[in-house]
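This report refers to the structure that appears directly beneath it.
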Amino acid sequence: MSGPEILTFGCRLNIAESEAMRGLAGDQEDLVIVNSCAVTGEAVRQARQAIRRARRAKPDARIVVTGCAAQTDPAMFAAMPEVTRVIGNREKMEASAFAPTSEKLRVSDIMAVRETAPHLISAFADHARAFVEVQNGCDHRCTFCIIPYGRGNSRSVPAGAVVERIRALVDEGYKEVVLTGVDVTSYGTDLPGSPTLGSLVERILNHVPSLPRLRLSSLDSVEIDERLFALITQEKRVMPHLHLSLQSGDDMILKRMKRRHGRADAVRIVERLLERRPEISIGADIIAGFPTETEEMFAGSLALVRDCHIVHGHIFPYSPRTGTPAARMPQVEPGAIKRRAAKLREACADNRARWLASLAGTEQSVIAEGDGTSGHAGNFAPVRLTQTHKRGEIVSVRICGVEKDVLIAQEAA
């Protein structure tokens, strides 16, 4: 596909917005867009490295930097000699932001933004599934998180617009849609009548009956209400895979993070989910080495991996983000943070190995990805296919084993 090169970091929302930018930028092959993430210091470092690599690879290209890191620290990126222009998260949804110009900085106040996602994403160049933005921004102020200052306050896409967008994507041939946002479970609080994420999911399923697979991105466990819980556990078109924002397994650390759930709340929701739909796989974000975390507190997080059956672990070594309350708290020694992160990853890997092994002999529905010889099951287990399929095709297979963290499919000849 001709057009700009886009380097995307961070969340599924960024993936969706990168595809929208591809359409907005048109066929400008001399353009490189870096869609950055600000969730950790490491994410910012990776974006800066990518910018330098892009300049070496394409010395004559225009390099435009956007995303959350560009929104929260535009001056840092503007000071890089490799960068042609820095645009904010609001501006990246405007075609004019990608036109050649001598203006190096175009970043407005994200907190003043009230509308959400006017763009219709209709093409996903390298993906078997479509990512649809239903919400943006966040009204919560977790003490470690800079993202609200990169994304602004919470705002939702009206349900009718979401349904129309998904219907159009299904008409184009997409068989799996992922609902994305910064704080997806806060969906609807700013809309007339305050609809919930559960009501949105129900409306999508009712009004787009030809959609085979609907997947939810990261959820705040405390905001899974009974309507959404019932759909997750009873509706087979909602994929049995949840990624929960848990962050810690210690109540004091959760309080210092300004989270709205306790450890027991996290364990209870997972137990209820698995009791009603045992095939659900659980993913989670966990931070290692949050300020003031002792070894005993860390042990609570390590035990949470077991107690919540986490098989898709996103482990973040804590890094202070300037401007957040946590950056001013007593910090944990970097070596301890690294060791704790490694232990959490090891515990998740152990859970994952046992889980994958338990799937041998089961029937799985797999969506073909990449070159058509691999994909993911509904529970998001990676699967290697023995035949080549069209990307986006849904294939029913039997799992005959596991090899290097990947399920091996057995297909009919």
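Just list whichever of K58/K92; K175/K236; K343/K404; K92/K236; K255/K338 have alpha carbons separated by over 25 Å in the model shown.
K92/K236
Name the trypsin sites (Lys or Arg not before Pro) in segment 254-294 that are in a loop by DSSP and that have at most 15 other C-beta atoms within 10 Å, would you?
In loop regions of segment 254-294 (DSSP not H, G, I, E or B), the sparsely surrounded trypsin sites (Lys or Arg not before Pro) are K258, R260.
Choose one of G249, P291, H261: the residue whose Cα lies farthest towards the positive end of the charge dipole of segment 225-300 (beta-carbon charges +1 Lys, Arg; -1 Asp, Glu; about the Cα centre).
The one lying farthest along the dipole's positive direction is H261.
Quick one, can you get me the convex hull of the C-alpha atoms of segment 134-282 expressed as volume per residue in Å³?
Considering the Cα atoms of segment 134-282, their hull volume per residue is 106 Å³.
Kirkwood-based Rg over Rh for segment 290-413 (C-alpha set), two decimals?
Here the Rg-to-Rh quotient is 1.15.
Check the cysteines of the chain one by one and keep only those with no other cysteine Cβ under 4.7 Å from their own.
C11, C37, C68, C138, C308, C348, C400
At 7 Å along the Cα-to-beta-carbon direction for both A299 and A95, put a label point, then send me their distance in nm to one decimal.
Reported label-point gap for A299 and A95 is 6.1 nm.
Want the number for K258 to D60: 0.36 nm per residue separation, take away the alpha-carbon distance, what's left?
Roughly 66.7 nm would be gained on extension.
Let me check something: with ligands and nucleic acids excluded, how do M76, M21 order by accessible area (1.4 Å probe), largest to smallest?
Putting M76, M21 in descending order of accessible area: M76, M21.
If you roll a 1.4 angstrom probe over the protein chains with everything in place, what fraction of the accessible area of the chain belongs to carbon and sulfur, to the nearest %?
Values: 9090 of 17340 Å².
About 52 percent, which is the carbon plus sulfur part of the accessible surface.
Which GluC sites (Glu not before Pro) from segment 1-90 combine a DSSP loop assignment with at most 16 other Cβ atoms within 10 Å?
E29
Would you kindly state how much longer the chain becomes between E411 and Q387 on full extension, computed as 0.36 nm times their sequence separation minus their alpha carbon distance, in nm to one decimal?
So the extension gain works out to 7.9 nm.
Going by amide H atoms built from the backbone, whose H comes under 5 Å of the H on S154, apart from near neighbours?
C138, D139
Grab the DSSP H runs of the chain that are 4 residues or longer, score each as -39,500 (n - 2.57), total them, divide by all residues and round the 222 nm result to the nearest 500 deg cm²/dmol.
Helix-only estimate at 222 nm: -10000 deg cm²/dmol.
Under Stokes-Einstein, with the Kirkwood radius over Cα pairs standing in for Rh, what whole-number D in µm²/s applies to segment 222-328 at 4 °C and 1.567 mPa s?
Reported coefficient: 89 µm²/s.
Let a ≥ b ≥ c be the square roots of the eigenvalues of the Cα gyration tensor of segment 1-55; is it rounded (a/c under 1.5), or, if not, prolate (a/b larger than b/c) or oblate? Don't skip to the end; give the middle numbers.
Numbers: a/c = 3.60, a/b = 1.43, b/c = 2.52.
Oblate is the answer for segment 1-55, as a/c is 1.5 or above yet b/c matches or exceeds a/b.
What accessible area per residue, rounded to a whole number of Å², is obtained for the chain using a probe radius of 1.4 Å?
Numbers: 17340 Å² over 413 residues.
For the chain, the solvent-accessible area averages 42 Å² per residue.
Checking the a/c ratio against 1.5 first, then a/b against b/c, what shape does the Cα gyration tensor give for the chain?
rounded
The values are calculated or read from the model by the stated rules, or taken from the named source; none is laboratory data. The model shown is predicted, which means the values in this text are computed figures rather than measured ones. Don't worry about glycine lacking a Cβ; one is built from the backbone with ideal geometry, like all the others, and counts go over all protein chains shown. The area values use the complete protein model at the heavy-atom level, side chains included, leaving out ligands, DNA and RNA. Shrake-Rupley method; radii C 1.70, N 1.55, O 1.52, S 1.80 Å.
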